[in-house]
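Read the structure below first, then the notes.
The values are calculated or read from the model by the stated rules, or taken from the named source; none is laboratory data. All values reported here derive from a predicted model rather than from experimental measurement. Note: ideal-geometry Cβ built from the backbone for every residue, glycine included; neighbour counts use all protein chains shown. Protein only, heavy atoms only, side chains kept; ligands, DNA and RNA dropped before computing areas. Shrake-Rupley method; radii C 1.70, N 1.55, O 1.52, S 1.80 Å.
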Amino acid sequence: MNASAAYYSGSKEILVNNYVPSQPDPLQIQVQPAYSGICGTDLHIFNGAMDQRVALPHIMGHETAGVISALGTKVNGFEIGQPVTIMPLNACGKCAACYRGLSHICYQLEFLGIDTPGSFQSFWNVPAHTVHALPSTASLSHAAMIEPIAVACHDVRLGKVTEGDRVVVLGCGPIGILVAMVARSIGAEVTISEINDFRLELASSLGFTVINPNDNDLIEYVNDWTDGAGADVVFEVTGSVASTQTMTELVCARGTIVIVAIFGDPPPVDLFRLFWREIRIVGVRVYETQDFSQAINLVDKKILPLDSLISDIRPLDEIQKSFVDLSQGADIMKILIEA
Ligand SMILES: [Zn+2]
Ligand SMILES: [Zn+2]
C-alpha cells in the first residue's frame, strides 16, 4: 500500500514522506482523505505559535472529506467505500462541560489534527464517533468545506440571527465569508467589513455589501443603513483591537456581538456602551452535532457558492508552498490539498 504524509517538523517546514499505515483500532474508522483544507489554525501551527501544544513531527489537517478504507472490528453502521466527513472533536465525556451536554467545549477536548495526527496523509484513523456519512451525491471537494461551514452555522445559531436581521461581519477570511453566507441563507441582510482588496472584491462578487473601514466610516455607514438603530448582530472575526473598539458602536439596543476570532491578548472593549444599550456578547467555539448536520445539508443542497471560495486544489507535494503562500497573504481564500 502506497502511503504518504505531510510532517510539520517545526521551523516552518513540512516534509512529505512515505509511511506504513496502521490498521484502525477496534473503535476507529480508517478514512482515505480525498481533499483537506488548510485552516487558519494550521497556519498558526506552521508559524510556530503552537509548538508547545503539538508533538513534533506533526501531521496537520482537520477539514476533510473522503471515503472509508477500513473499519475497526467493533464498528457498525458504516461500510468500506462510503463517502464521509469528520467532525474532529474527541471529548472526555466526564468533565463539567461534557455533563452539561457541551462536549464540543470539553475541558479536556482533544482536537483531531492538532492534538492527534490529522488528515494530510493517505490513510487517517479516527474515532468512529467522529465520522459523519455524506450523501452519495455530495461533491467531496465541497464536502471538505463542511468543517468550516459548521463553524459558521454554530456562530449564526448562537448569534440568534433571524430572517430580516441586519448583520455586520467584521473580517472576511474563510470563516467570515462563510458566516456571511450562512446568515444570508436564512434571510439576513449582511454587510461585510474588510481591509484586504482581494477579499473585498470576492465578497462583492458574491453579492454582499462590502465596506473598507480604512476608506469609509463604518459606524456612520451602519447608522445610515439601519436608520440610526444599529445592527441586530455583529460578528467579530478579525481578532484585531481596531475591530473590538468599533464593534460596540455598531450594534442596536439589546443587539448581539458574537466573538468568533481567537484573541491572543485581551483587547479593550467599551463596557459602558455594553451597559448603555444592553448589548449581549456571546463567545462561540467550534460546533455541535446539529451544526455539522446543517453544514452537510447546505453542501448537499448546494446552497452556498463554495466554488468561489476554493481558490486552488493542490497535490500533497505542494503543501509546503501552500502554507508559505497563505502565510504571505497571497490572493487566496481557501486551498484544498488533494491526497
Ligand atoms: Zn479549522
Ligand atoms: Zn469533557
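Residue pairs whose Cβ atoms lie under 7 Å apart, separated by 6 or more positions or on different chains, with the first residue in the range 107-122 and farther than 14 Å from G37 by Cα and the second among the charged types (D, E, K, R) and outside any loop (DSSP other than H, G, I, E, B), are T116/E110.
Looking at the range 75-105, which of the residues that are near ligand 2 (Cβ under 9 Å from one of its atoms) and among the hydroxyl-bearing types (S, T, Y) is farthest from the chain's Cα centre (by Cα)? Working first, answer last.
Looking only at the range 75-105, we keep the residues that are near ligand 2 (Cβ under 9 Å from one of its atoms), and these are 91-99, 102-103, 105.
Of the ones still in play, those that are also among the hydroxyl-bearing types (S, T, Y) are 99, 103.
Values: Y99: 25, S103: 18 Å.
By that ranking, first place goes to Y99.
Table: residues versus (1) more than 30 Å from C172 (Cα to Cα); (2) in contact with an Asp or Glu (Cβ under 9 Å, 6 or more places away or on another chain).
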position: P26; (1), (2): yes, no
position: V31; (1), (2): yes, no
position: C39; (1), (2): no, yes
position: G48; (1), (2): no, no
position: R53; (1), (2): no, yes
position: H62; (1), (2): no, yes
position: A97; (1), (2): yes, no
position: S103; (1), (2): no, yes
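Taken over the range 205-254, the criterion of being in contact (Cβ under 8 Å) with a residue 24 or more places away in the chain and acidic (D, E) is satisfied by D232, E236, E249.
Among the residues of the range 219-250, those that are touching a Leu at 6+ places or on another chain (Cβ under 9 Å), aliphatic (A, V, I, L, M) and surrounded by 21 or more Cβ atoms within 10 Å (Cβ to Cβ) comprise V222, A231, V234, V237, M247, L250. Residues that are at pLDDT 95 or above and either out of contact with any strand residue (DSSP E or B) (no Cβ under 7 Å at 6 or more places or on another chain) or open to solvent by 100 Å² or more (accessible area, probe 1.4 Å) (or both) within the range 1-22 comprise K12, E13, N18, V20, P21, listed in sequence order.
Answer yes or no as to whether N47 is touching a residue at least 24 places away in the same chain (Cβ under 8 Å) and within 16 Å of ligand 2 (Cβ to nearest atom). Before the answer, list the steps.
Values: touching a residue at least 24 places away in the same chain (Cβ under 8 Å): yes; within 16 Å of ligand 2 (Cβ to nearest atom): no.
Considered against the rule, which asks whether it is touching a residue at least 24 places away in the same chain (Cβ under 8 Å) and within 16 Å of ligand 2 (Cβ to nearest atom), N47 comes out as no.
Restricting L170, L202 to residues that are touching a residue at least 40 places away in the same chain (Cβ under 8 Å) and open to solvent by 10 Å² or more (accessible area, probe 1.4 Å) narrows the list to L202. Scanning the range 307-331 for residues that are part of a loop (DSSP other than H, G, I, E, B) and open to solvent by less than 20 Å² (accessible area, probe 1.4 Å) yields a total of 1. Among what's in the range 205-218 and is open to solvent by 20 Å² or more (accessible area, probe 1.4 Å) and aliphatic (A, V, I, L, M), pick the residue that is nearest to S240 (Cα to Cα). If we take residues in the range 205-218 being open to solvent by 20 Å² or more (accessible area, probe 1.4 Å) and aliphatic (A, V, I, L, M), then V210 is nearest to S240 (Cα to Cα). Out of R285, R280, one residue alone is under 18 Å from V156 (Cβ atoms) and under 16 Å from the mean Cα position of the chain (by Cα). It is R285. Residues that are under 30 Å from V131 (Cβ atoms), of a type outside the set (G, A, S) and open to solvent by less than 80 Å² (accessible area, probe 1.4 Å) within the range 260-288 comprise V260, V282, V284, V286, Y287, E288, listed in sequence order. Criterion applied to D51, D25, D42 was being out of contact with any strand residue (DSSP E or B) (no Cβ under 6 Å at 6 or more places or on another chain), at pLDDT below 95 and acidic (D, E), and the one residue passing it is D51.
One residue alone among P117, P83, P33, P88 is in contact with a Gly (Cβ under 8 Å, 6 or more places away or on another chain) and open to solvent by 20 Å² or more (accessible area, probe 1.4 Å), and that residue is P83. Would you be able to say whether some residue in the range 243-259 is under 18 Å from G176 (Cβ atoms) and within 16 Å of the chain's Cα centre (by Cα)? Yes - at least one qualifying residue is present in the range 243-259.
Considering each residue of the range 70-101, count those that are more than 16 Å from ligand 1 (Cβ to nearest atom) and assigned to a strand (DSSP E or B), and give that number.
Number satisfying all stated conditions: 4.
Screening the candidates V20, V67 for the property of being assigned to a loop (DSSP other than H, G, I, E, B), away from ligand 1 (no atom under 16 Å from the Cβ) and not assigned by TED's automatic domain parsing to the domain that holds V237 yields one hit, V20.
No other residue among L304, L298 is farther than 30 Å from N18 by Cα, open to solvent by less than 80 Å² (accessible area, probe 1.4 Å) and not in a helix (DSSP H, G or I) apart from L304.
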